[in-house]
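**Student:** I am attaching a structure below and will ask some questions about it afterwards.
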Amino acid sequence: MKKKSIIKSILQLKCPHCRTGDLFTNPGLFKYSKMLDMPEHCAHCGQKYEIEPGFWIGALWTSYPIIVLIITPFIIAAVTMVNINVWFLAAALVLTMLIFFPLTLRLGRAIWIYIFVRYKND
């Protein structure tokens, strides 16, 4: 079987062990009450997702750089543009963060678990 791409699997939010099963139970990003719901184990290979209690707290470290990438253009705009309205920039930043919030949390979790669980090509 051909090895599946790690980048593609992370972006598709797939299990790090088999790269087939879904990491999240709800495929929709904008159902905020259920956006972080995950099964205990992968439906395809049985990999346990929460490796230890509090495991997902570490995902904050992987979602932080994603948030920095999103915020950076706003900081550059604030520094370089002389006649920009600060309130407009702040509103645009808040709106952008609300739109990307579910994606950054999910990608942060996906990257975090990929650091600790290795791919096994069955």
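**Student:** Does segment 50-69 include one or more residues that are more than 19 Å from residue 37 (Cα to Cα), in a helix (DSSP H, G or I) and in contact with a helix residue (DSSP H, G or I) (Cβ under 7 Å, 6 or more places away or on another chain)?
**Tutor:** If we filter segment 50-69 for residues that are more than 19 Å from residue 37 (Cα to Cα), which is where we start, we get 61, 64-69.
Within this subset, residues satisfying the condition of being in a helix (DSSP H, G or I) are 61, 64-69.
Next cut, in contact with a helix residue (DSSP H, G or I) (Cβ under 7 Å, 6 or more places away or on another chain) only: 66-67.
Among the residues of segment 50-69, at least one is more than 19 Å from residue 37 (Cα to Cα), in a helix (DSSP H, G or I) and in contact with a helix residue (DSSP H, G or I) (Cβ under 7 Å, 6 or more places away or on another chain), which makes the answer yes.
**Student:** Is segment 41-49 home to any residue that is part of a loop (DSSP other than H, G, I, E, B), surrounded by 15 or more Cβ atoms within 10 Å (Cβ to Cβ) and either within 17 Å of the chain's Cα centre (by Cα) or at pLDDT below 90 (or both)?
**Tutor:** Checked against the condition, which is being part of a loop (DSSP other than H, G, I, E, B), surrounded by 15 or more Cβ atoms within 10 Å (Cβ to Cβ) and either within 17 Å of the chain's Cα centre (by Cα) or at pLDDT below 90 (or both), segment 41-49 yields at least one hit.
**Student:** List pairs: first in segment 56-78 and of a type outside the set (A, V, I, L, M, F, W, C), second loosely packed, with under 12 Cβ neighbours inside 10 Å, Cβ under 9 Å, 6+ apart or cross-chain?
**Tutor:** 58/116
**Student:** Quick one: would you say residue 101 is among the aromatic types (Phe, Trp, Tyr), at negative phi and in a helix (DSSP H, G or I)?
**Tutor:** Values: among the aromatic types (Phe, Trp, Tyr): yes; at negative phi: yes; in a helix (DSSP H, G or I): yes.
Yes.
**Student:** Confirm whether residue 10 is among the aliphatic types (A, V, I, L, M), surrounded by 12 or more Cβ atoms within 10 Å (Cβ to Cβ), in a helix (DSSP H, G or I) and without any contact (Cβ under 8 Å) to a residue 60 or more places away in the chain.
**Tutor:** Working: among the aliphatic types (A, V, I, L, M): yes; surrounded by 12 or more Cβ atoms within 10 Å (Cβ to Cβ): yes; in a helix (DSSP H, G or I): yes; without any contact (Cβ under 8 Å) to a residue 60 or more places away in the chain: no.
It is false that residue 10 is among the aliphatic types (A, V, I, L, M), surrounded by 12 or more Cβ atoms within 10 Å (Cβ to Cβ), in a helix (DSSP H, G or I) and without any contact (Cβ under 8 Å) to a residue 60 or more places away in the chain.
**Student:** Taking residue 29 and the conditions (1) loosely packed, with under 15 Cβ neighbours inside 10 Å; (2) farther than 16 Å from residue 117 by Cα, which numbered condition does it fall short on, given that it satisfies the others?
**Tutor:** Condition (1) is where residue 29 drops out.
**Student:** For segment 85-122, give me each residue that is over 25 Å from residue 13 (Cα atoms), at pLDDT below 90 and either in contact with a Pro (Cβ under 6 Å, 6 or more places away or on another chain) or surrounded by 13 or more Cβ atoms within 10 Å (Cβ to Cβ) (or both).
**Tutor:** 89
**Student:** Does any residue of segment 25-39 turn out to be more than 30 Å from residue 2 (Cα to Cα), part of a helix (DSSP H, G or I), in contact with a Pro (Cβ under 8 Å, 6 or more places away or on another chain) and in contact (Cβ under 8 Å) with a residue 40 or more places away in the chain?
**Tutor:** The answer is yes; a qualifying residue exists.
**Student:** So, one more: Conditions first: (1) touching a Phe, Trp or Tyr at 6+ places or on another chain (Cβ under 7 Å); (2) closer than 16 Å to residue 102 by Cα. Residue 32 passes all but one, so which condition is the exception?
**Tutor:** Only one criterion is unmet by residue 32, namely (1).
Listed here are the residues, each with its yes/no results for (1) among the aromatic types (Phe, Trp, Tyr); (2) in contact with a Ser or Thr (Cβ under 9 Å, 6 or more places away or on another chain).
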{"residue": "6", "(1), (2)": "no, no"}
{"residue": "21", "(1), (2)": "no, no"}
{"residue": "45", "(1), (2)": "no, yes"}
{"residue": "55", "(1), (2)": "yes, no"}
{"residue": "60", "(1), (2)": "no, no"}
{"residue": "63", "(1), (2)": "no, yes"}
{"residue": "75", "(1), (2)": "no, no"}
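**Student:** Still on this structure: Only residues that are in contact with a Ser or Thr (Cβ under 9 Å, 6 or more places away or on another chain) and part of a helix (DSSP H, G or I): list them for segment 107-122, please. First the steps, then the outcome.
**Tutor:** Taking segment 107-122 as the starting set, the residues that turn out to be in contact with a Ser or Thr (Cβ under 9 Å, 6 or more places away or on another chain) are 107-112, 114-115, 119.
Those that are in contact with a Ser or Thr (Cβ under 9 Å, 6 or more places away or on another chain) and part of a helix (DSSP H, G or I): 107, 108, 109, 110, 111, 112, 114, 115.
The values are calculated or read from the model by the stated rules, or taken from the named source; none is laboratory data. Keep in mind that what you see is a predicted model, and the values were worked out from it rather than measured. Cβ sites come from the backbone with ideal geometry, for glycine too, and all protein chains shown count toward neighbours.
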